[in-house]
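Structure record follows, encoded as structure tokens.
The values are calculated or read from the model by the stated rules, or taken from the named source; none is laboratory data. If you're wondering where the values come from, they're calculated on a predicted model, not measured in any experiment. All Cβ positions, even for glycine, are placed from backbone atoms using ideal geometry, and neighbour counts span all protein chains on display. Heads up: the accessible areas ignore ligands, DNA and RNA and are worked out on the full protein's heavy atoms, side chains in. Shrake-Rupley method; radii C 1.70, N 1.55, O 1.52, S 1.80 Å.
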Amino acid sequence: MRRAQALLEIAIFGAIIVMLLGVLITYGIRYNAQQKLMQQSFRKALSKSVSQPGVAVSNVILRDTHIPNPSDTFGVGSVTPFIGSGGTVTRDYQMGETATESSELPSIVVDINGQEYTYKTAGFRDEPNVPEDSLDRYDQVYGWGNVWETSDGACAEEGTEIDPNTGETNTTCTQATKNIRIIDSCSGDIFDYGSAVKQCRMIVDSEACAKECNRASDPAVNCSSVCSQPMNVPWYCETAECGLNPCNLGAAHIYTFTKLNQIFNGLNLKSLGLQQDYQQRTTADNSMRKTEDASGITTADNVNWSTAITRKIITHPSGSTSPATTTKEVSSVVSQNKEESRRTNW
């Protein structure tokens with residue numbers, strides 16, 4: 001009885017110990033894979049600061065990794081995606097630089113199992129004949145470093161004055177304008193719905209603009225005065241009309257931005273870029289070959305499996321004024337072929 005009890009305890013607790021050991025091994029593999037991607041994405045960010053100094057480049061690395069199952073004879077487990085992201089590393093003397101060329105715009109590089117795809121996260125937008133009084137509001141909405149004057153615009157308002165020496169009437173410009181260029185975070189290939197709605201609300205609603213201004217600006221800035229100035233409404237901030245007024249809910253300042261809804265709601269999205277949903281299909285082909293001869297039996301087991309993963313990258317073409325988006329499908333395959341032979345002699 002004592003021997004039987006000892007064998008039973010070994011069988012039970014031994015299985016538990018093996019299971020715990022397998023869990024520890026699996027956890028270690030997962031942790032190592034995640035840590036490796038985080039370090040790799042940071043190294044890429046450092047390399048970009050050398051090869052593309054002054055350019056804001058973010059890196060996203062995704063790897064589909066096979067996590068073995070210790071309880072399986074061949075270690076066949078599951079394919080798990082791991083993601084590592086690295087922000088922008090900019091040298092000190094270039095942190096104040098403003099992009100003036102398309103190649104200098106901020107971008108994101110998406111690396112999916114070794115396949116790299118680069119997209120702009122902002123784009124240029126030119127606004128002609130902006131009144132000088134409105135420049136501060138443009139700075140408030142788009143950011144102080146993202147708006148600059150390119151040239152003088154047409155005169156918005158003219159006045160006349162009489163030359164006291166000659167008595168002639170001269171025409172002067174009393175309201176000058178500027179042609180400006182904007183680095184717009186909603187004009188890139190990738191942007192998210194929440195940020196776009198916030199920006200549009202500040203553009204079409206002076207009270208919403210003043211509220212955001214008061215949160216971030218110097219107390220000496222008169223936000224109400226700054227945000228009361230007129231500004232042009234970009235195409236993506238077009239609002240739905242209810243009679244003669246924009247559709248809003250009064251004090252809540254909630255608007256229906258029709259173009260943004262066409263970009264995002266039609267596809268039930270919250271942000272553009274690499275989507276979280278993906279398709280994964282696994283196929284397996286297992287076979288066993290048994291051979292008998294006069295001296296014994298030879299058994300050969302073969303396991304051949306593969307997992308195909310399909311992902312989508314949804315973007316809006318930079319510079320386009322149409323709500324139509326572009327979908328790119330990225331496919332990758334993770335596979336394994338294992339064979340084990342055993343010989344039993346008579």
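Here are some notes:
- Taking 0.36 nm per residue of sequence separation and removing the Cα-Cα distance, the Asp72/Glu149 pair yields an extension gain of 21.1 nm.
- Kyte-Doolittle at least -0.5, axis length at least 24 Å by Cα - qualifying DSSP helices, the chain: 2-51
- Largest GNM mean-square fluctuation across Asp189, Asp301, Asp139, computed for the chain with C-alpha springs under 10 Å, falls on Asp301.
- FRET efficiency estimate (nearest 0.05) - Cβ-Cβ, Val333 to Ser85, R0 22 angstrom: 0.40
- Mean sequence separation of contacting Cα pairs (under 8 Å, at least six apart), scaled by the length of the chain, corresponds to a relative contact order of 12 percent.
- For Ala15 and Ser103, the difference between the fully extended length at 0.36 nm per residue and the C-alpha to C-alpha distance is 25.8 nm.
- Accessible area ranking (1.4 Å probe, heavy atoms, ligands and nucleic acids excluded), largest first, for Trp305, Trp144: Trp144, Trp305.
- Modelled spin labels at Glu207 and Glu161, positioned 7 Å past Cα toward Cβ, are 4.1 nm from each other.
- Global form of the chain, assessed from the alpha-carbon gyration tensor, a/c cut-off 1.5: prolate
- Additional length obtainable on full extension of the chain from Thr282 to Ser341, 0.36 nm per residue less Cα span: 18.8 nm
- In this rough spin-label picture, where each label sits 7 Å from Cα along the Cβ direction, the Ala4-Ser306 distance is 5.3 nm.
- Take 281-294, 147-160 and order them by the average number of nearby Cβ atoms within 10 Å per residue, most first; the result is 147-160, 281-294.
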